[in-house]
Amino acid sequence: MTAAATTKTDAVVAFRRRAELVIAGIGLAGSAVLQGGFALVIARSDDAALQATILPALRSAGLELDGARAHVVLNTLAAWFGFSFIVVALCTAIGFFFARLRPRRRATGWWFLAAGLACLFGTQFVLYPVAFFFLLSAALFAVRTPTPRSSS
């Protein structure tokens with residue numbers, strides 16, 4: 001073998017999933033702010049703050065809740081948003097781990113698809129723009145193929 005052929009086979013072409021990870025990171029940040037923020041605000045609000053600030057804002061948005069059930073309904077919704085955010089964060093963290101460990105594997109996109117679906121269904125389709133980032137990242141894992149390694 002010649003020296004040029006040896007260096008060509010020894011050099012492994014680096015393949016990074018930078019675009020996929022950045023897009024998924026944007027989705028995770030949006031999910032943390034919107035899902036986690038809603039869960040945190042509702043869980044920390046007392047009855048007076050709920051009646052004074054949150055319920056009038058919900059009524060102006062067209063959601064009519066009576067005062068007696070509003071606290072229970074909003075706390076249930078906040079708990080659901082918080083739980084689904086934990087699922088989204090775990091799926092994204094696992095996806096980041098595998099994307100860094102083996103960037104050539106396309107199967108890692110399934111973790112980002114799971115994060116997008118958890119965001120979508122966990123918020124009852126409210127955060128579809130945020131879920132779009134995870135779904136786009138999963139699609140890029142499926143579409144972008146790494147450069148083939150030289151076998152010679």
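Relative to the longest principal axis of the chain, what angle (0 to 90°, nearest 10) does the C-alpha long axis of helix 109-122 take?
10
Note the listed values (1) 27, 22, 16; (2) 47, 12, 10; (3) 23, 18, 15, then indicate which one is semi-axes √(5λ) of the Cα gyration tensor in Å calculated from this particular structure.
Checking each listed value against the structure points to (2).
Taking θ = phi - 60°, what integer Hz values does the Karplus form 6.51 cos²θ - 1.76 cosθ + 1.60 yield along segment 88-104, in sequence order, with x for Gly and Pro?
Result, ordered by residue: 4, 5, 5, 4, 5, 5, 5, x, 4, 4, 6, 5, 7, 5, 9, x, 7 Hz.
Going by how many other beta carbons lie within 10 Å of each one, how would you line up 137, 45, fewest first?
Sorted ascending by nearby Cβ count, the order is 45, 137.
Can you give the local net charge around residue 50? Use residues other than it whose beta-carbon is closer than 13 angstrom to its beta-carbon, Lys and Arg +1, Asp and Glu -1.
Neighbourhood net charge equals 0.
Throughout, read-outs are computed from the coordinates displayed, never taken from laboratory work. Computed from a predicted structure; not experimentally measured. Positions of Cβ are generated from backbone atoms using ideal geometry, with glycine treated the same way; all protein chains shown enter the neighbour counts.
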